[in-house]
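Structure record follows, encoded as C-alpha cells.
The values are calculated or read from the model by the stated rules, or taken from the named source; none is laboratory data. Treat the numbers as computed from the prediction; the structure is a model and nothing was measured. We place every Cβ from the backbone using ideal geometry, glycine too, and count neighbours over all the protein chains shown.
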C-alpha cells in the first residue's frame, strides 16, 4: 500500500533504524513509473497486484515520496511525511533507547543534536491500541504528531497539523508543549501514529 499512511510509519522507522546502524544517507526509489518501467525492461513490479495498481503507477513509482507529473502537478505521498519525521533527528548522534512496550508494536529512536539537546521519535504501529509512555525527565518538550484518519488512509496525512503542499513552504501549525511533573512526562499516542519530541534542556535525562 504505497500510497497509504502506513508507509509513512514504515519509512520513518526504516530510516531511523538504518541511522542507528551508522548509515549517513538512504535513497528511496522514486520518480516516474515510465522511467522505472523502462529501466526494468518494461516491467513495473507490483503494478498488477492490486486493482488500483495501474492508477498508482500512472502517478509515479511505488513507494515514491513524491508522485505526479509536470502536466498534472505533484503531491507528497505518505512516505515523504515519514522521511520528514525521521529528518527531525538528522545531524544528531543516535543514542540507544529502551522502553517497556509490553506487547505493543512500537519503536522509539533518540538523538543528541549538535546543540546538546535531545530529540526522540516514537512510532506506534498498532492499528487499534493507544501507546502510553512515561519518560523520566525534568525537562519540558515540544511535540509534533504524525497522523492520519487511519493506517490505510491515502489523504488527510499531517505532520504537526500541517500538510506538505507543492509550491508552499511547510511549517508546523500544531505544536504541543509537554511539561514534566514530579520528574516524569506522560505521552499518549493514538493507534497508527507517531511523534517527535524536542526537549528544551541540554541535559534532559538523569544519568
Going through segment 133-175 one residue at a time, which ones are touching a helix residue (DSSP H, G or I) at 6+ places or on another chain (Cβ under 6 Å) and part of a strand (DSSP E or B)?
146, 159
Identify all residues within segment 26-35 that are at pLDDT 70 or above, part of a loop (DSSP other than H, G, I, E, B) and out of contact with any helix residue (DSSP H, G or I) (no Cβ under 9 Å at 6 or more places or on another chain); write none if there are none.
27
May I ask you to verify whether residue 8 is buried (at least 20 other Cβ atoms within 10 Å of the Cβ) and at pLDDT below 75?
no
Which numbered condition trips up residue 121, out of (1) touching a helix residue (DSSP H, G or I) at 6+ places or on another chain (Cβ under 7 Å); (2) not in a strand (DSSP E or B)?
(2)
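Matching residues to (1) touching a residue at least 40 places away in the same chain (Cβ under 8 Å); (2) surrounded by 14 or more Cβ atoms within 10 Å (Cβ to Cβ); (3) more than 14 Å from the chain's Cα centre (by Cα); (4) over 22 Å from residue 129 (Cα atoms):
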position	(1), (2), (3), (4)
154	yes, yes, yes, no
159	yes, yes, no, no
164	yes, yes, no, yes
171	no, no, yes, yes
183	yes, no, yes, yes
190	yes, yes, yes, no
Identify, by number, the condition in (1) more than 28 Å from residue 75 (Cα to Cα); (2) touching a strand residue (DSSP E or B) at 6+ places or on another chain (Cβ under 8 Å) that residue 182 doesn't meet.
(2)
Whether any residue in segment 36-50 is surrounded by 15 or more Cβ atoms within 10 Å (Cβ to Cβ), modelled with pLDDT of 85 or more and part of a loop (DSSP other than H, G, I, E, B) is what I want to check.
no
